[in-house]
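The values are calculated or read from the model by the stated rules, or taken from the named source; none is laboratory data. Not measured: the values here are computed from a predicted model. Every residue, glycine as well, gets a Cβ built from its backbone with ideal geometry; the counts of neighbours run over all protein chains shown. In case anyone asks, the SASA skips ligands and DNA or RNA and just uses the protein heavy atoms, side chains included. Shrake-Rupley method; radii C 1.70, N 1.55, O 1.52, S 1.80 Å.
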Amino acid sequence: MPSKTSYFNPALFRKNLARFWPLWGGASALGALAPLYLLAALIEEGFFYTAGQPLEATIGYYSILAYIVPVVSLFYAALCALAVWSYLYNARSVGMLHSLPITRKGLFVTSLLSGLCMMLIPYAVTGALTVLVSLLAGIFEPAGLLVTILGVLGESLFYFSAATLIVFITGNPFAFAAFYFIFHFIAAGMEWLVSELMTEFYLGVSQAYTGVVEFLSPTVFLLRKLEVFAEYQQITTPGGWIENGGIQSVTLVNGWLIAVYALVGVVLLAGAWALYRRRRSESAGDVVAVGWMKPVFRYGVALCAALTGGTLLTPCSPRPPTTSPPGPSPSPSAWPSPGLWAITSPPCCWPSPSRSSGAAARARWPRSWPPRPSALSSRRTPSAWRTTFPAPGS
């Protein structure tokens, strides 16, 4: 019978979930606190207070998707990626797994699916409990729930893909943590640093942060662009007052950005697979595991350190006075004497250095700098200079 190659290993998938159950189990327990808090609030206020207002729940769904899920996914995706790809950072573990009868494609697909599963289990537990509470309170709204589920899937895919790509670039967990957060915030941070330095050193330039390349910093961009817009029905009272009635519609502003980042996540996964195919097992423990990327990271870190150091040290640098100090202007007698200038600066009539060596060179050039008064007095120097030095022994 012809042999078949499987790109998914169920045993390794179950092993990853069983090995790292405290991670997704603890995240699920923390996520379950939100619907429990909602249930307690509804019991305290009375279920009749929100009955018949399903769009209230939609506002809560969209708010969590826009303002909480990006931040939570940023940190949780890093933990899940470190869990499933941790064998790449240990020479013994990577050697053992690469010697098993599982191809690299099988390891990649299995670890990827197990990592995404650990990413989605806490969201699934939290969402299921929230839907159950919404049904009990009579505020269940399927359209808003569907949009929220798709948004959570898209953001989870992007953040886990980004963490996976950084895992294959780096060779130890400390470098992964540093480069992962640099990857997410370097665009916005560099624009802010350059704006600060231009404002400080270019006269007449006041360049503020504009966020031109902020889309390269996904977390910052999503938090700034995603908004929840609710349209209320206006009711005119008999007295002529206009009041807000029930909610007519709820919109997730710029929700299409999540779909764009999900597509970017697919591209990042393709890049991660291309790196994993050529990754050397001996690179475990290195700061940068990809050889051709080492100069990029070296000069990139140097540039970021220079800009950051310059921005931090700018307030400590001395500034020239804008006005002259109070009091009379200094008289010419207070200027430094030519003798002091002659000691600290080489006179124009001194001989230039010679390439010759030996007694001839020592006779033409003083042994030390600044020269001693005796050495200057023995030269043919102007009388104004000779009178500035005290006589030997005085």
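Some notes on this structure:
- Scanning the stretch 263-290 for residues that are open to solvent by less than 20 Å² (accessible area, probe 1.4 Å) and part of a helix (DSSP H, G or I) returns G265, A272, Y276, S283.
- Unique match (being in contact (Cβ under 8 Å) with a residue 24 or more places away in the chain and either open to solvent by 60 Å² or more (accessible area, probe 1.4 Å) or among the polar types (S, T, N, Q) (or both)) among L157, L100, L153: L153
- For the stretch 118-149, the candidate set comprises residues that are under 22 Å from C80 (Cβ atoms) and among the small types (G, A, S); within that set, the residue that is surrounded by the most Cβ atoms within 10 Å (Cβ to Cβ) is G127.
So that you can scan it fast, the table gives a plain yes or no per residue for (1) free of Cβ contacts under 8 Å to residues at least 40 places away in the same chain; (2) open to solvent by 30 Å² or more (accessible area, probe 1.4 Å); (3) within 30 Å of V266 (Cα to Cα); (4) within 17 Å of the chain's Cα centre (by Cα):
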{"site": "S161", "(1), (2), (3), (4)": "no, no, yes, yes"}
{"site": "G171", "(1), (2), (3), (4)": "no, no, yes, no"}
{"site": "A178", "(1), (2), (3), (4)": "yes, yes, yes, yes"}
{"site": "F183", "(1), (2), (3), (4)": "yes, yes, yes, yes"}
{"site": "A187", "(1), (2), (3), (4)": "yes, no, yes, yes"}
{"site": "W192", "(1), (2), (3), (4)": "yes, yes, yes, yes"}
{"site": "E196", "(1), (2), (3), (4)": "no, yes, no, no"}
{"site": "A208", "(1), (2), (3), (4)": "yes, yes, no, no"}
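- From L74, L65, L113, residue being in contact (Cβ under 8 Å) with a residue 24 or more places away in the chain and crowded, with 21+ Cβ neighbours inside 10 Å: L65
- Tally of residues being within 30 Å of V167 (Cα to Cα) and touching a helix residue (DSSP H, G or I) at 6+ places or on another chain (Cβ under 8 Å) across the stretch 107-149: 21
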